[in-house]
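Peer 1: Take a look at the following structure, please.
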Amino acid sequence: MTDTSNTTNDTSTTSTPDPAGLTTGRLTHLQRLEAEAIHIMREAVSESERPAMLYSVGKDSSVLLHLARKAFFPSPPPFPLVHVDTTWKFSAMYEFRGRAAEEAGMELIVHQNPECVERGINPFDHGSALHTDMWKTEGLKQAIDMNKFDLCFGGARRDEEKSRAKERVFSIRSPQHQWDPKRQRPELWSIYNARRSPGETVRVFPISNWTELDVWQYIHLEQIPIVPLYFAAPRPVVDRDGVLIMVDDDRMPLDDGEVPMIKNVRFRTLGCYPLSGAIESDADSLTGIIQEMLLATTSERQGRIIDFDGSASMEKKKQEGYF
Amino acid sequence: MAHASELIADDIEAYLVSHQYKSLLRFITCGSVDDGKSTLIGRLLYESHLVFEDHLAALEADSAKVGTQGGELDFALLLDGLSAEREQGITIDVAYRFFSTEQRKFIVADTPGHEQYTRNMVTGASTADVAVLMVDARKGVLTQTRRHSFLVSLLGIKRVIVAVNKMDLVDWSHEVYETIQEEYRDFAKRIGLDDITFIPMSALKGDNVVAPSQHMHWYHGPTLLGYLETVEVDDDTAAGPLRMPVQWVNRPNLDFRGFSGRIVGGTVRPGDPVRVLPSGTTSTVDRIVTMDGDLDEAIAGQSVTLTLTDEIDASRGDMICAGDAPAEVADQFEAHVVWMHEDEMLPGRPYLMKIGTRTVGVTIAHPKYRIDVNTLDHLAAPTLELNEIGVCNLSLDRPVPFDPYADNRETGSFIIIDKLTQNTVGAGMLHFALRRSHNIHWQEVRVDKAARADMNSHRPGVVWFTGLSGSGKSTIANIVESKLHTLGVRTYLLDGDNVRHGLNRDLGFTDADRVENIRRIAEVARLMTDAGLVVLVSFISPFRAERDLARSRVDDGEFVEVFVDTPLEVAESRDPKGLYAKARAGELSNFTGIDSPYEAPESAEVQLDTTAVTPEEAADQVIAQLRSQGIVD
């Protein structure tokens, strides 16, 4: 796993303003976003009893974890990482997960919906909708209920999808984990209201105001480790209705005589491997990825299969409790 | 953008460096659905190449389906987030959009212009550096233009762009533009806006949005984007004195004690003298700690952890200030209050107030006046309803450090939180501290509460009976008083109906009056407790917040809440005063249980099920509780 991440060294660029920035007394946009995220995290921790960070192992989670370490330094972040697992993530993600928690000095809680484990829920036999609903949506609710978390950090961003543009930074969920667009609280200045009635929980999105480019640039500047699947490499894939799916293990059903193709591919978003579309690419460095992203003409979420069933589907999922 | 694309392709490293040092500008767009506001933002996103092919495909499909541009791309559809709103054709909340150019990164707060959504505009304006006001060239300065301008100025936005849109529909007329400009300037002067830039444009055709218009050669000013890219946002707070509300005390081990927070005013360096408020303790900054190493200096906007040279006791909610220019500390204020909830503001009700990182109890007095946001007239108002703005006095239960909002938006702003629902119900901007909080002192008395209580064979207390009309409160309270009397306890029974004939005869049955009714009774009960009596209060008292207020007015262990728990249908069938019948017939309004809510106690000391016990047995339960609390022997 040595090639997994960009190399680490001691220089850090975002937190030390450039000399020009200092003389004009201005912060760059990334410095402002970083300071805002840290502020949000400290507010959330101060106003909750049992906070947790939902950790998906993706790049946004990596940024979130990095920000958490900065926010509470020299203390370790005062909450555990929670991974709502589906058993269908890429194997590279599992390898990366444990190491990230260990490096941050944080407890890692992995939750797998026991009903899914028992029934062997998978995207091939049960379809992506049921698979996602039971492993992720139900699994997340279980993880929150069982651990009695009253506040969870998530890495969602407002620029990801239309229905998220109006999401609050502090989002109140009913005791049934429902999101009610009519009941969201106004958020003014940088004053956040994390108070909740019995049974209610709060989801907090510290990088709400970041764009995909901001996230990549921050990873670049801060040299934050990310899962190697984001970088192009020769990988075995099969074509499923025009979407390239990686054959990550032998659970992937192949047609008779089908042999996976070896293609130079990478992933723009990571999830369950059977539901994550790969893109053909030669970008094997961070700058290469950023370059490709900037020149790309399709939005990030397009690789996620759950979005395909109608443009309001993310909103529906959110109301049901999906992150 | 061509230049950027080439740079990305040829030299990504150089592009990233240029992007890294971009500054951030937050702006708000105000206007109604018809002003072309969504079209404008959609175009800014489109022209800065932020609309991806899949979004574009969805946009084309949506434009054909629900678009209003006759099959042409309807940029407005890029913005409507929630499907319910999309169907209604109105944006009903604040949405945030992001785009960047070679100069800057932008965050746009997109807020609707519809009258009832003052709340949303205030929310969007609270974080904006600049406001873009949309004016339809055909309609000129409208009531809503004035309303938006007032809100922008109220929220402390100093720079305003008046985008005179739809110039294509007035034949690019210079004269129309001039007239609008003149009219607006006259108005803006009245509300203290003076940094105004006018731009004639057509968001639909793209004139003067990104590229200069080919149709208006008489206009020589910047395009909208050109202005936004270059406008100087001189940060007053950065130039002011140091302010850092403490968010979190950082104690990884016994050797390190840091105060984590975001600097919201001024700069800080090691060696700077500081004062911690509200205690007023002074110390000196030792280190500015971050994970990237200690800093020599930190400026407004940065999140840091400070250590001080002295071991001083500061905690969350305190404010670290410049030693020679500390913030003020006070517990009574005058402020602008914006009400943001469907439930009206209840003067006298205890709410919570969050200011900076500190949350305190607050009561709000009757508004001095309400401001008509359309005419700017000051109107008399008993309270504030959703989307109303007024000037009120606030009384806090603890002193807080603050600056006037005009001096610092971060340390002069607050939100109001309902104690019961925990919702954010209001927001406000502090003007100044009231002097009277320093001038009214308690009259010192020689014979105190304990001395009076010692004359009796029992301790003082309040027995608060709450329940629906006809639940049996008064019946049980009367029996309890008789029994206490025979035990030699000095008592007094305050009954809702009787008090309404005298002390509270000026009050009706609206929610606001009910709150005031209970506030007065709570105070009378407190005085009587002070005099050494056991006070029996028999009031419907439907709201939890007011009962909690009454409880808070006496010492711990002196309050006995008795929930006379009679189901509505039982109380209604008893109907001793014939009131339910009248309420059902529509002759009585605001009747608890019928068209006014009753909030049942969650942890009353005594809960009486009147369908299961007799009044006599119920009274005995109350007296048993008084014994267990040590009020009577």
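Read the figures in this text as sums done on the coordinates, not as results from a lab. Only a predicted model underlies this, so the values are computations on that prediction, with no experimental measurement involved. Every residue, glycine among them, receives a Cβ derived from its backbone with ideal geometry; neighbour counts consider all protein chains shown.
Peer 1: Can you put B:485, A:39 in order of Cβ neighbours within 10 angstrom, beginning with the fewest?
Peer 2: Ascending number of Cβ neighbours within 10 Å: B:485, A:39.
Peer 1: Quick one: B:368, B:22, fewest Cβ neighbours within 10 Å first, how do they rank?
Peer 2: B:368, B:22
Peer 1: Can I ask one more? Pick out, from B:422, B:494, B:447, the residue whose Cα sits farthest towards the positive end of the charge dipole of region B:412-534, with +1 on the Cβ of Lys and Arg and -1 on the Cβ of Asp and Glu.
Peer 2: Of the listed residues, the answer is B:447.
Peer 1: Shape verdict for region B:108-241, please, from the Cα gyration tensor: rounded (a/c under 1.5), prolate (a/b greater than b/c) or oblate.
Peer 2: Since a/c reaches 1.5 and a/b is larger than b/c, the shape of region B:108-241 is classed as prolate.
Peer 1: Average partner chain C-beta neighbours within 10 Å, per residue of B:238-247?
Peer 2: Per-residue shielding by partner chains comes out at 2.
Peer 1: When only C-alpha pairs under 8 Å and at least 6 residues apart count, what is the relative contact order of chain B, in percent?
Peer 2: Once normalised by length, the contact order is 9 percent.
Peer 1: Let me ask something additional. Using DSSP to define loop residues, name the GluC sites (Glu not before Pro) in region A:88-117 whose beta-carbon has at most 15 other beta-carbon atoms within 10 Å.
Peer 2: Loop-located and lightly packed - A:107.
Peer 1: Here's a follow-up. Where the only charges are on Cβ atoms (+1 Lys, Arg; -1 Asp, Glu), what is the dipole of region B:466-549 about its Cα centre, to the nearest 20 debye?
Peer 2: The calculated dipole for region B:466-549 is roughly 200 debye.
Peer 1: Rounded, prolate or oblate, given the Cα gyration tensor of chain B, with a/c below 1.5 counting as rounded?
Peer 2: prolate
Peer 1: Express the relative contact order of region A:228-308 as a whole percentage, based on alpha carbon pairs under 8 Å and six or more residues apart in sequence.
Peer 2: Over region A:228-308, the number comes to 32 percent.
Peer 1: Tell me the chymotrypsin sites (Phe, Trp or Tyr not before Pro) within region B:169-220 that lie in a loop according to DSSP and have at most 15 other beta-carbon atoms within 10 Å.
Peer 2: Here the chymotrypsin sites (Phe, Trp or Tyr not before Pro) that fit, given the DSSP loop and packing criteria, are B:218.
Peer 1: Report, in order of residue number, the helices in chain B meeting two criteria: a C-alpha extent of 24 Å or more along the helix axis, and a mean Kyte-Doolittle hydropathy of at least -1.0; treat each whole DSSP H run as one helix.
Peer 2: The qualifying helices are B:511-530.
Peer 1: Please give the charge dipole size of chain B, origin at the Cα centre, charges +1 on K and R Cβ atoms and -1 on D and E Cβ atoms. Round to the nearest 20 debye.
Peer 2: Magnitude of the dipole: close to 1880 debye.
Peer 1: Under 17 Å between alpha carbons, and skipping anything fewer than 8 positions from residue A:89 in its own chain: which lysines qualify?
Peer 2: A:59, A:136
Peer 1: So, one more: When the Cα centres of region A:147-201 and region A:51-73 are compared, how far apart do they sit, in Å?
Peer 2: Their Cα centres are 17 Å away from one another.
Peer 1: Using a 7 Å offset from the Cα along the Cα-to-Cβ direction at both residue B:377 and residue B:448, what is the distance between the two label points in nm, to one decimal?
Peer 2: Here the answer is 5.4 nm between the modelled labels.
Peer 1: Let me ask something additional. For residue B:166, which lysines qualify as cross-link partners when the Cα separation must be under 19 Å and same-chain residues fewer than eight apart are set aside?
Peer 2: Those lysines meeting the cut-off are B:37, B:139, B:205.
Peer 1: Indicate the gyration tensor shape class of region B:523-575 (rounded, prolate or oblate), computed on the Cα atoms with a ≥ b ≥ c the square roots of the eigenvalues: a/c under 1.5 is rounded; otherwise a/b larger than b/c is prolate and the rest oblate.
Peer 2: It comes out prolate by the Cα gyration axes.
Peer 1: According to a simple spin-label model (label point 7 Å from Cα along Cα-to-Cβ), what is the distance in nm between residue A:50 and residue B:520?
Peer 2: 4.7 nm
Peer 1: I've got another one for you. Among the lysines, which have Cα under 28 Å from the Cα of residue B:354 when same-chain residues fewer than 8 positions away are ignored?
Peer 2: A:70, A:148, A:166, A:182, B:158, B:368, B:419
Peer 1: Averaged across the residues of B:547-557, what count of C-beta atoms belonging to other chains lies within 10 Å of each residue's C-beta?
Peer 2: Mean partner-chain Cβ count within 10 Å for B:547-557: 0.
Peer 1: Which residue, B:628, B:25, A:146, has the largest displacement toward the positive end of the dipole of the protein assembly as shown when charges sit on each Cβ (Lys, Arg +1; Asp, Glu -1)?
Peer 2: Of the options given, the answer is B:628.
Peer 1: Taking the Cα centre of the protein assembly as shown as origin, work out the dipole magnitude from +1 charges on Lys and Arg Cβ and -1 charges on Asp and Glu Cβ, in debye rounded to 20.
Peer 2: 2380 debye
Peer 1: Quick one: net charge of residue B:568's neighbours, Cβ under 12 Å, K/R +1, D/E -1?
Peer 2: Once all neighbours under 12 Å are counted, the net charge is -2.
Peer 1: Also: Which of B:567, B:478, B:528 sits farthest toward the positive end of the charge dipole of region B:449-628, with +1 on the Cβ of Lys and Arg and -1 on the Cβ of Asp and Glu?
Peer 2: Toward the positive end, the furthest listed residue is B:528.
Peer 1: For residue B:391 and residue B:189, what does the FRET efficiency come to when R0 = 22 Å and r is the distance between their Cβ atoms, rounded to the nearest 0.05?
Peer 2: 0.55
Peer 1: For a quick check: sort B:558, B:229 by the number of other beta carbons within 10 angstrom, fewest at the front.
Peer 2: B:229, B:558
Peer 1: In addition: Would you mind calculating the relative contact order of region B:449-628 from Cα pairs under 8 angstrom and at least 6 residues apart, reporting the percent as a whole number?
Peer 2: RCO, region B:449-628: 34 percent.
Peer 1: Which FRET efficiency, nearest 0.05, do residue B:570 and residue B:590 yield, Cβ-Cβ r, R0 22 Å?
Peer 2: The calculated FRET efficiency here is 0.55.
Peer 1: Spelling out what I want: for every residue of region B:343-353, take phi, set θ = phi - 60°, compute 6.51 cos²θ - 1.76 cosθ + 1.60 (Karplus), and round to whole Hz; glycine and proline get x.
Peer 2: 7, 4, 5, 10, x, x, 6, x, 10, 9, 10
Peer 1: If I take all pairs of Cα atoms in region A:228-308, what percentage of them are more than 22 Å from each other?
Peer 2: Of all Cα-Cα distances in region A:228-308, 22 percent exceed 22 Å.
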